[in-house]
Amino acid sequence: DAVVTHVSITTRLQEECDVISLRLAKLNTPIALHEFKTVMLAALRSLVKGWEPLHEVSWSWLWDNVERMLKRNMGKPAKQQAALGAFLSSLDESQLMTFRREVYSRFFALAPGSQDYFKQSTTRLHFIADKVVSMTLEMYRHPKRMVEDISALGLRHVGYGIPTDIFGPFVSACVQVVRGLTSDDLAEEAFRWSLGLISRILCRVINEGSTIVMKAINANNGKQLRRAVACAPRGKRALWMLNVQVGTQSISPLLWAIETGSLDAAKAMMHDLLTIRADRDRYYYGNDILFERHPDIIKRLCIDAPALLPVLLNGLIWRSRITEQGQRRVNYYIKHLVVTADGTFSPAIEWITDNKDPKIVCHPIVSMVIDLVWDRVAFRTFVYGKLWFLFMLMVFVLSQSILRHLEIGRSPRSEYLRVSIFVCRCFIYICSLGHGLVHHTKNIAGSCRNREFKRICGLRIPQYLLDWQEIASLSLVVFLIMMLILEPILHCLVGDEDAILFEERCDESKPLIFAYSVMSTAAMLLYFLLLTDLSVISTSVSAYVLVCGKVLSEVGLFLFGLTFFVAAFACAICSLEQVSEDFQGIPMSALNLYKMTFAMFSGRSYDLLNDSPFALIGILVYIITSVVFLTNLLIAQLSCAYMACYQDMVGFARLGRGKIVAETMLSVSKPRWNRFLEMLRLDERVEFGEGDIGLAGGMQLFEPAAANITTVDMIRRFGGTTSPSAKWPETGADQDEDEDRLERMEKLIERAMKRGRGGRGGRDDSQTSGSTLLRSGSSGSGAHQESDGSTSNSQLQ
């Protein structure tokens, strides 16, 4: 196809024939090119409708030229590959180092301007030289794959803005160095021919891919990019910014701008893609084509350009300029945030929550999607999953805190009560402990298999344990195992054959009962700690829980400081000669000092301190330090910590809910998910107004008219022709006009300052400050720009 399509371009035809000759060299059978001409001609006569003598003459002329070009290289590639391979394998490290240095020395001598494009380190330049050498041999070995790889490399060079006129000097420099390293003319010819072919392919790809959009991206100029896309037909305007195709390879200008940090150009493209334009026949909106070309665009923005994420999300919302009975129409185009192209739940919410930005997750469209999926799908599945945990907690409370305290004065207890306690504990050990063992064994095995570890304090910890809930769950499993080992009922059954059935108090269990109760207490606290996961049901409760977690660090610092003072004063008081029984020994002194801090020390004990006045003075100093200073400092720290996280606590709560939604959606059944999608009716077009049927993929809601005041129509409507091949008319409302007006204003002010330079010497400073003020204002919005301009004018006057 490429040969026929580019028959009129001699250089391209020669390039395709050279590649074909390399591929034909891989065949072990004889090749009769003249027979192919006859067979192909017969096939064309029978298959092509309207075949005429002129077509036959054209085909014969084409194949004669192709056959002549192919015969020129027939039989050469195999010999050249062998000679080049032998030459490259004979090079030692010193010769390779000579090649690396000499290539760039001669290249920079031939093309001095190329040094502006080779600014990398020496090791990077040596790496490029090595790749050039290996590519010349790989071109003979795998021509088809290398053409695709070179095309992809050429498209990347388009993004780098590399001019094609430096490839010729680079090839010449490489050939000159190789000529000095070998006396084998065939090897030199093989290297020159292969590198020349690579250079021609790269130049062609760069020339074909160097669109005006890519040039604007290289300049990172938003205004230049808007002018570039203004030349595009309205039906292909989005494609100009999302796809540059050369052969089988393609590059996305938008993605390239994001990866290379050309954020001004990327922002301009985002604005243009997500602006709704319309003529009489149809609406044009780049939302669908953007997500079709880049389904992971939200993930890429979260990683590479978080500042552009609000631009994308704002572009997915349309608000009507007209209000109806105090309400305003709002269209949320949520299709690609909810569902993927294959009908599954979109990972967009997971990507946004993993970004951990509390402000982004509070964006109207993100919060609406999270709440919608939570209320309609995830809530019921989440609650059903937690009901089993609640049931296990109730059984655990029943066995450890309720049943064991019944019939305390009766010995032995009734058989019904003993059997009930035993059954409840067996249920906990089998269901709760069993489930926990399976869960953590599977996760630990997965972390070992995938080598997902995190080194903390020199220890390699499975990465899934970085979540505090997983740590609490693993701790619960450990305490349940300890409870099973210390279980008094089992020890009584095994140790005493005459013991009462399922009795937990016997001679064998007495030494274990206290340790068992400690394990039970810890497990009970962990059960209730894991129960806080249910706070996600209410955003307010979840926000409160998160605030509590945020300020716990301040409480920890307070306890650390208090412990330091307690240890210091306990040791000091014990070193003092005093007769108080409450301060005999460091442990007793420390305990009573803690009691004083928390107002648990009795007044009578204070009276007894009158017999030891120096000890009383030390205790007074301690009370002033701990109660007055540390306690009030804690209050101040808690207030500051609360104020710091108050603004974002709802955002953090929504982050938690978004994470729960992403995890819960994995267990939602497909029929239920399909019913939810049918309820959304995302394939139906949503109207922009009465009788104005708009675009599909969204949901329409009504909000109070004063919530988000909109005075400008967010849809740019145009008259005239409705042909998709026509350009959009440019109007005076373009953003470039504000920038042009500011530039003109700056030039006028500078001209006025130059005319008045003959006065005081301080005017030069005034001119500099005024120009600086204008330049700083040009980076803001249009309103800010006008404000800065007026401020500069007033200062000038």
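The values are calculated or read from the model by the stated rules, or taken from the named source; none is laboratory data. Keep in mind it's a predicted model, so treat the numbers as computed, not measured. Every residue, glycine as well, gets a Cβ built from its backbone with ideal geometry; the counts of neighbours run over all protein chains shown. What goes into the accessible areas is simple: the full protein's heavy atoms, side chains included, and nothing from ligands, DNA or RNA. Shrake-Rupley method; radii C 1.70, N 1.55, O 1.52, S 1.80 Å.
Does Ser367 satisfy being hydroxyl-bearing (Ser, Thr, Tyr), surrounded by 15 or more Cβ atoms within 10 Å (Cβ to Cβ) and part of a helix (DSSP H, G or I)? Against the criterion (hydroxyl-bearing (Ser, Thr, Tyr), surrounded by 15 or more Cβ atoms within 10 Å (Cβ to Cβ) and part of a helix (DSSP H, G or I)), Ser367 qualifies. What about Lys26, is it closer than 25 Å to Trp193 by Cβ and of a type in the set (D, E, K, R)? Yes: the conditions hold for Lys26. Annotation: Ser8 fulfils all but one of (1) under 28 Å from Val205 (Cβ atoms); (2) part of a helix (DSSP H, G or I); (3) at pLDDT below 85; (4) open to solvent by 100 Å² or more (accessible area, probe 1.4 Å); the unmet one is (2).
State whether the residues of region 429-437 include one that is within 23 Å of Cys506 (Cα to Cα) and at pLDDT 90 or above. Yes, there is a match, as at least one residue in region 429-437 is within 23 Å of Cys506 (Cα to Cα) and at pLDDT 90 or above.
For region 205-222, filtering for residues that are surrounded by 18 or more Cβ atoms within 10 Å (Cβ to Cβ) and in a helix (DSSP H, G or I) leaves 9.
For the residues Asp357, Asp342, Asp279, the requirement of being among the acidic types (Asp, Glu) and within 30 Å of Thr721 (Cα to Cα) singles out Asp279.
Residues in region 175-200 that are small (Gly, Ala, Ser) and not in a helix (DSSP H, G or I): Ser183 only.
I'm checking my understanding of the structure. Among residues of region 560-574 that are more than 16 Å from Met588 (Cβ to Cβ), open to solvent by less than 60 Å² (accessible area, probe 1.4 Å) and of a type outside the set (A, V, I, L, M), which one is nearest to the chain's Cα centre (by Cα)? Among those that are more than 16 Å from Met588 (Cβ to Cβ), open to solvent by less than 60 Å² (accessible area, probe 1.4 Å) and of a type outside the set (A, V, I, L, M), it is Gly561.
A search for C-beta distances below 7 Å between a residue of region 285-299 that is within 17 Å of Ser250 (Cα to Cα) and any residue that is assigned to a loop (DSSP other than H, G, I, E, B), counting only pairs 6+ apart in sequence or on different chains, returns Arg293/Asn243; Arg293/Ser252; His294/Ser252; Pro295/Thr340; Pro295/Ala341. Taken over region 113-127, the criterion of being in a loop (DSSP other than H, G, I, E, B) and touching a residue at least 24 places away in the same chain (Cβ under 8 Å) is satisfied by Tyr117 alone. Look at region 30-42: where a residue is surrounded by 12 or more Cβ atoms within 10 Å (Cβ to Cβ) and a partner is modelled with pLDDT of 75 or more and of a type in the set (Lys, Arg), sitting 6+ places away or on another chain with Cβ atoms under 8 Å, you get Leu33/Lys71. Assessment of region 356-364 against the conditions (under 23 Å from Ile481 (Cα atoms) and either open to solvent by less than 30 Å² (accessible area, probe 1.4 Å) or in a helix (DSSP H, G or I) (or both)) yields no matching residue.
Residues that are farther than 25 Å from Asp648 by Cβ and not acidic (Asp, Glu) occur at least once in region 363-377. Being on the phi < 0 side of the Ramachandran plot, within 44 Å of the chain's Cα centre (by Cα) and at pLDDT below 90: is that true of Val551 here? In short, yes.
Which residue out of Trp63, Trp51, Trp59 is at pLDDT below 85, over 30 Å from Glu138 (Cβ atoms) and open to solvent by less than 40 Å² (accessible area, probe 1.4 Å)?
Every option except Trp59 fails the conditions.
The criterion of being surrounded by 17 or more Cβ atoms within 10 Å (Cβ to Cβ) and more than 31 Å from the chain's Cα centre (by Cα) does not hold for Pro163.
Scanning region 389-405 turns up one or more residues that are surrounded by fewer than 17 Cβ atoms within 10 Å (Cβ to Cβ), at pLDDT below 85 and not aromatic (Phe, Trp, Tyr). In the condition set (1) farther than 21 Å from Tyr140 by Cβ; (2) exposed (fewer than 12 other Cβ atoms within 10 Å of the Cβ), Leu27 is compliant with all but (1). Just wondering, is there one or more residues in region 477-491 that are over 30 Å from Glu415 (Cα atoms) and not basic (Lys, Arg)? Yes, because at least one residue in region 477-491 is over 30 Å from Glu415 (Cα atoms) and not basic (Lys, Arg).
On the given criteria, is Phe422 touching a residue at least 12 places away in the same chain (Cβ under 8 Å), within 46 Å of the chain's Cα centre (by Cα) and under 30 Å from Ile513 (Cβ atoms)? So Phe422 fails the test. Screening region 605-716 for helices (runs of 4 or more DSSP H) wholly inside it with 1 or more residues that are open to solvent by 60 Å² or more (accessible area, probe 1.4 Å) and under 30 Å from Ile276 (Cα atoms) returns the ranges 670-680. Just to verify a result, which residue in region 135-159, among those that are without any contact (Cβ under 8 Å) to a residue 40 or more places away in the chain, assigned to a helix (DSSP H, G or I) and open to solvent by 50 Å² or more (accessible area, probe 1.4 Å), is nearest to Ala83 (Cα to Cα)? The residue in question is Arg145.
Please determine, by comparing only the residues of region 593-604 that are assigned to a loop (DSSP other than H, G, I, E, B) and within 18 Å of Thr625 (Cβ to Cβ), which one is most open to solvent (accessible area, probe 1.4 Å). In this case the residue turns out to be Met600.
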